[in-house]
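Right, one structure below, let's go through it.
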Amino acid sequence: MNYEILRGRDQIGGSCVKVTGDDGTRILLDVGMPLYDEEHGDFPFGMHQRPTQELLDKGVLLDIPGLYAANTDEPAFDAIIVTHSHLDHYGLAHHAHPAIPVYASAGTLAILEVNRIFQGEAAQPAVLRPLPEDAPLPIGSLMVTGIPVDHSAPDSRAVLVEADGQKLLYSGDLRAHGRTGYRFENLLKDERLQGLDWLILENTTRSPSASGHGYAREDDVENELVGLATANPDKLIAVMASAQNLDRVVSCHHAAKRTGRLLVIDVYQAYVLMKLKGLSDAIPQYTWDDVRVVFTHSQREKLVEHGLLDVVNAIARVAHVKSGELAAEPGRYLMDGRANSKIPKLFELVGRDHLELVWSMWGGYLKRDYSPVRDWAQANGLTLHRIHSGGHAWPEDLDRLEAALHPGKIEAVHWEKG
Ligand SMILES: [Zn+2]
């Protein structure tokens with residue numbers, strides 16, 4: 001077997017690795033969207049959904065013969081394996097020929113389904129299949145095994161490919177310091193990973209430019225939120241995070257509980273958590289006594305348009321909290337919210353003097369041109385507290401992994417050499 005790193009050797013994002021068996025079986029591990037253009041600028045919103053030929057012309061899509069529906073009748077690939085639901089790993093997979101099946105974990109597939117509802121009529125891969133749980137999937141001569149890893153996307157996988165007496169491990173994105181950090185420790189002693197020929201390993205935090213990844217551990221996030229909520233008993237704590245970051249919503253829930261507050265989520269996040277319920281009993285649900293849900297018109301409409309009025313009504317019946325209630329008793333709540341253009345309206349209602357704002361995502365997002373929460377905080381003279389812990393293993397954990405697996409060759413990906 002052999003492999004080729006098609007993108008990701010010298011950038012964070014746009015991940016794509018090709019693996020070929022001796023019998024000609026070909027698969028791709030991730031078909032990700034680059035995070036920035038050639039001048040390091042932002043892509044326009046929804047760029048990955050532009051037509052295939054346009055993205056090929058712009059170099060956003062790699063020129064891979066036999067991959068795209070737009071320029072081949074005979075696909076040259078047998079499968080695509082997606083490690084997790086971050087755009088820079090799966091975002092271009094739907095441009096592939098519809099005859100090529102796309103495999104991913106149950107949690108990743110659930111997120112793709114949620115995205116189909118909330119991101120307009122976003123194109124999705126034609127054939128999505130579940131990657132078997134911790135068991136090998138034969139694809140031609142290749143045996144492909146998804147191995148659960150700790151990361152900020154739900155139910156992420158590393159991928160082991162075995163064939164022709166050789167073994168390759170592609171890490172996807174991983175870390176040791178999240179709430180499922182035991183998965184990282186499991187990798188170190190996983191018998192299947194002994195005798196690796198190649199380890200293709202994410203090196204995000206080894207990038208010279210690495211910054212904005214925050215506190216050392218997810219536990220620190222919870223403790224910092226407790227400190228902030230305790231110091232500001234009469235204010236709403238509004239945490240800006242990804243709705244799909246399960247560790248973060250658990251941290252928010254714990255911090256709310258520890259300070260006698262109710263956790264507030266939006267209806268989009270309530271739906272995400274409902275879809276991921278099967279992954280763990282620790283994932284907060286709208287049915288819990290200490291969870292409330294705010295409704296925004298656009299989120300509600302998207303669920304209704306997709307025939308989910310029953311779900312909307314069920315959530316509203318048990319958990320609905322009005323923004324006026326948040327404004328009336330801000331100290332009663334801790335919110336895990338979205339940093340979108342709608343949320344400043346809620347901040348206005350609560351009032352700047354009754355609000356502590358927390359940025360709980362990668363710091364790099366704050367440098368983007370479009371950042372309505374950053375702009376609102378600046379305009380209102382409010383500090384944006386930075387309380388975050390990133391999705392990527394720290395250099396010392398990468399060292400531990402390399403030492404434990406001692407593969408024949410290590411390839412660094414998902415990093416910038418600077
Ligand atoms: Zn990721």
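Where a number appears in this text, it was derived from the coordinates with a stated rule and is not lab data. Remember, predicted model here, so these are calculated numbers, not experimental data. Cβ sites come from the backbone with ideal geometry, for glycine too, and all protein chains shown count toward neighbours.
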(request) In Å³ and rounded to a whole number, note down the convex hull volume per residue for the Cα atoms of region 237-325. (result) 101
(request) Whole number please: convex hull volume per residue, Cα atoms of region 97-195, in Å³. (result) 106
(message) Tell me the Rg and the Dmax, in Å, that the Cα atoms of region 61-135 produce.
(response) 12.4, 35
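Could you tell me the convex hull volume per residue, in Å³, taken over the Cα atoms of the chain? Provide the component values of the computation, followed by the final result.
Working: hull volume 56.3 nm³, N = 418.
Cα convex hull per residue, to the nearest whole number: 135 Å³.
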(message) Given Cα positions, please report Rg to Rh for region 168-216, the hydrodynamic radius being the Kirkwood one.
(response) 1.01
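Given 277/409; 302/322; 342/417; 18/342; 167/417; 275/342, which pairs have Cα atoms separated by over 30 Å? Don't skip to the end; give the middle numbers.
Numbers: 277/409 39 Å; 302/322 19 Å; 342/417 38 Å; 18/342 41 Å; 167/417 26 Å; 275/342 24 Å.
Violating the 30 Å limit, Cα to Cα: 277/409; 342/417; 18/342.
Mind running the shape call on region 98-140? Use the C-alpha gyration tensor, a ≥ b ≥ c as the square roots of the eigenvalues: rounded below 1.5 for a/c, prolate if a/b tops b/c, oblate otherwise. Kindly include the intermediate steps, with their values, before the conclusion.
Details: a/c = 5.88, a/b = 1.66, b/c = 3.55.
Oblate is the answer for region 98-140, as a/c is 1.5 or above yet b/c matches or exceeds a/b.
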(request) Hey, could you get me the Stokes-Einstein D for region 130-185, Kirkwood radius over alpha-carbon pairs, 25 °C and 0.890 mPa s, rounded to whole µm² s⁻¹? (result) 207
(request) Provide, for q = 0.13 Å⁻¹, the log10 of I(q)/I(0) from a solvent-free Debye sum over equal Cα point scatterers in region 1-144. (result) -0.54
(request) Please compute P(r) over all alpha-carbon pairs of region 218-386, binned at 10 Å starting from zero, and give each bin as a whole-number percent. (result) 10, 41, 38, 11, 0
(request) Under 13 Å from a label point 7 Å along Cα→Cβ of residue 188: give me every residue in region 392-418 with its amide N that close. (result) 394, 396-406
(message) Below 8 Å, C-alpha to C-alpha, sequence gap of six or more: please give me the relative contact order for region 218-386 in percent.
(response) 31
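Please list the equivalent ellipsoid semi-axes of region 169-303, computed as the square roots of five times the alpha-carbon gyration tensor eigenvalues, in descending order and whole angstrom. Show your work: numbers first, answer last.
Working: eigenvalues 206, 73, 46 Å².
Calculated on Cα positions only, the semi-axes equal 32, 19, 15 Å.
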(request) Pull up the DSSP beta bridges for the chain and report the antiparallel fraction as a percent, rounded to 5. (result) 40
(message) Can you compute the equivalent ellipsoid semi-axes for region 330-418, i.e. the square root of 5 times each eigenvalue of the Cα gyration tensor, sorted largest first and rounded to whole Å?
(response) 39, 15, 10
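Over region 114-158, consider all pairs of different Cα atoms and compute the Kirkwood hydrodynamic radius from their mean reciprocal separation; express it in Å, one decimal. Don't jump to the answer; show the numbers that get you there.
Working: mean 1/r = 0.0776 Å⁻¹.
The answer is 12.9 Å.
May I ask you to derive the relative contact order of region 52-193, considering only C-alpha pairs under 8 Å and at least 6 residues apart, and to give it as an integer percent? Spell out each step's value before the answer.
Details: 251 pairs, mean separation 23.9, N = 142.
Once normalised by length, the contact order is 17 percent.
Using Cα pairs closer than 8 Å and at least 6 residues apart in sequence, work out the relative contact order for the chain, in percent. Don't skip to the end; give the middle numbers.
Details: 896 pairs, mean separation 74.5, N = 418.
18 percent.
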